[in-house]
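Colleague: Questions regarding the structure given below will be posed in turn.
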Amino acid sequence: MVTEEQDLKRESLASEEQDPFVIQESDCCGNGCTNCILDNKPKPSRRLLLAGKRNVILPYTKFRLIWRESHPANDTVLFLHLRHAVNEEDDESVLDIPPGHHVMLRDGSLLRPYSPYWSDFLAKEFRILVKLQSGGGMSQKLASVQVNDILEFRGPIGNYQYDASVTKCLFIICQGVAIAPTLPLVRQVLENEDDMSRIWHLVCSRDLQHVYFREELLEFARNWNYKSCLYLPHQQCGSSACQAADHCLPECLELAKSLRYKEAAKISRLDISELSSFANQNIPGTRVAIIAGDSRFQENMKEMATKALDLEPANVYLL
Ligand SMILES: Cc1cc2nc3c(=O)[nH]c(=O)nc-3n(C[C@H](O)[C@H](O)[C@H](O)COP(=O)(O)OP(=O)(O)OC[C@H]3O[C@@H](n4cnc5c(N)ncnc54)[C@H](O)[C@@H]3O)c2cc1C
């Protein structure tokens, strides 16, 4: 016999299953993300609370592709610009994707997370950088997506919170396309004139051609509190000495000529001794590291950075 209590529980479960705002087990993409949607249910940001508006992306929401471009040196890397597709006149809603948060793309039953590198709160637009993986389900979908097509996203997912009132030394370490989610983190600090925190942006890529957003990094470098360094272990020019070494030599003139004003690069991997060179204890501020990359990169960097920079484990964030 079914009791009244069981009936009520079943009814409430059924309505939860239909409620597009409720996160279900099936909302997890199954890829073992560091910040899984099941542990990081969206919370309203301070900016959203102040605006007193609805965040359009909380349930799965339709976004129209308004621009797409391949990376000039690599056609498996796409820049996609999306705009909220419904009720464009509706000024009761905004798009809130706080720095350090990602969104989930749904195509039928296939779910994959992507990290916006730019978003506009009022215009309800955002951009992602996508590295197409050969044979990947979502990569096939995104390779063929055209301007005006509709894609469904939900979010924001993540647990990163930034307190601008505490001065910090921020070590932002990233790998390949995972530079994308680090850009909003940098802008958040540099655009706040009251924030005295300093940033060291340590960018790991195969070579110079695979450093995305170089122009943006150069813009950041106009600020007194921002420094970057590129780590390019596979940089290779055509000179006979560098060809013989299988990668450019540290004194390579071709590389030096390719670098722009204030652009620093090293022909090596970022390792513990290099990380230690940033551990200047005379610079005031709480030491914080933010690491963006695949899970192996995150774990390696976390271990090395914690030792080299003497970080509290609670001050290391994996995106
Ligand atoms: C929090 C988070 C944020 C992310 N943000 C972005 C982003 O902004 N841009 C982006 O391009 N991707 C991002 N990813 C990765 C993305 O979610 C997908 O995993 C990726 O697009 C591949 O999906 P797929 O369905 O095409 O391939 P799948 O079917 O999942 O995999 C196809 C093949 O590619 C391999 N593969 C999958 N992912 C990778 C990878 N990252 N590196 C090397 N091989 C891989 C798989 O092992 C498999 O062999 C993010 C992942 C996480 C966890």
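The values are calculated or read from the model by the stated rules, or taken from the named source; none is laboratory data. Note that this is a predicted model, so its numbers are computed, not measured. These accessible areas exclude ligands, DNA and RNA; they are computed on the full protein's heavy atoms, side chains included. Shrake-Rupley method; radii C 1.70, N 1.55, O 1.52, S 1.80 Å.
Colleague: Setting aside same-chain residues fewer than 8 positions from K53, which lysines have a Cα under 21 Å from its Cα?
Modeller: K41, K43, K62, K124
Colleague: Please list the equivalent ellipsoid semi-axes of region 65-132, computed as the square roots of five times the alpha-carbon gyration tensor eigenvalues, in descending order and whole angstrom.
Modeller: Details: eigenvalues 100, 40, 30 Å².
One finds semi-axes of 22, 14, 12 Å for region 65-132.
Colleague: Then there's this: Which whole-number value in Å² is the accessible area per residue of region 176-247, probe 1.4 Å? Kindly include the intermediate steps, with their values, before the conclusion.
Modeller: Numbers: 3260 Å² over 72 residues.
I get 45 Å² per residue for this part.
Colleague: Find how many whole Å separate the alpha carbon centroid of region 158-172 from the alpha carbon centroid of region 95-141.
Modeller: Between the Cα centre of region 95-141 and that of region 158-172, the gap is 23 Å.
Colleague: For region 244-296, what is one quarter of the convex hull surface built on the Cα atoms, given in nm²?
Modeller: Working: hull surface 25.2 nm².
The orientation-averaged projected area of the Cα hull of region 244-296 comes to 6.3 nm².
Colleague: With every protein chain present, what accessible area does S139 have (1.4 Å probe, heavy atoms only), rounded to the nearest 10 Å²?
Modeller: The accessible area comes out at roughly 10 Å².
Colleague: List the residues, sorted by chain then number, that are 5 or more residues from I57 or on another chain and whose placed amide H is less than 5 Å from its amide H.
Modeller: It is D96, by chain and number.
Colleague: So what does F213 come to for accessible area, using a 1.4 Å probe and Å² rounded to 10?
Modeller: 30
Colleague: Oh, and also: Report in % the part of the accessible area of region 27-157 that belongs to carbon and sulfur, leaving out ligands and nucleic acids; probe 1.4 Å. The partial results should precede the final answer.
Modeller: Values: 2910 of 6280 Å².
Accessible surface attributable to carbon and sulfur in region 27-157 totals 46 percent.
Colleague: Sticking with this structure for a sec: If you wrap the chain's Cα atoms in a convex hull and average its projection over all directions, what's the area in nm²? Present the calculation step by step, with values, prior to reporting the outcome.
Modeller: Details: hull surface 83.0 nm².
Here the figure is 20.8 nm², rounded to one decimal.
Colleague: Please list C248, C36 in order of solvent-accessible area, largest first, computed with a 1.4 Å probe with all protein chains present.
Modeller: On the way: C248 0, C36 25 Å².
So, going from the largest accessible area down, we get C36, C248.
Colleague: With n ≥ 4 as the cut-off for DSSP H runs, can you work out [θ] at 222 nm for the chain, using -39500 (n - 2.57) per run divided by the number of residues, rounded to the nearest 500?
Modeller: Working: 9 runs with 76 residues, N = 319.
Theoretical 222 nm ellipticity from helices: -6500 deg cm²/dmol.
Colleague: Sticking with this one: Accessible area per residue of region 128-168 at 1.4 Å probe, in Å²?
Modeller: Details: 1920 Å² over 41 residues.
Per-residue value: 47 Å².
Colleague: Please calculate the 1.4 Å probe accessible area of D246, with all protein chains present, and give it to the nearest 10 Å².
Modeller: Using a 1.4 Å probe on the heavy atoms, I get roughly 110 Å².
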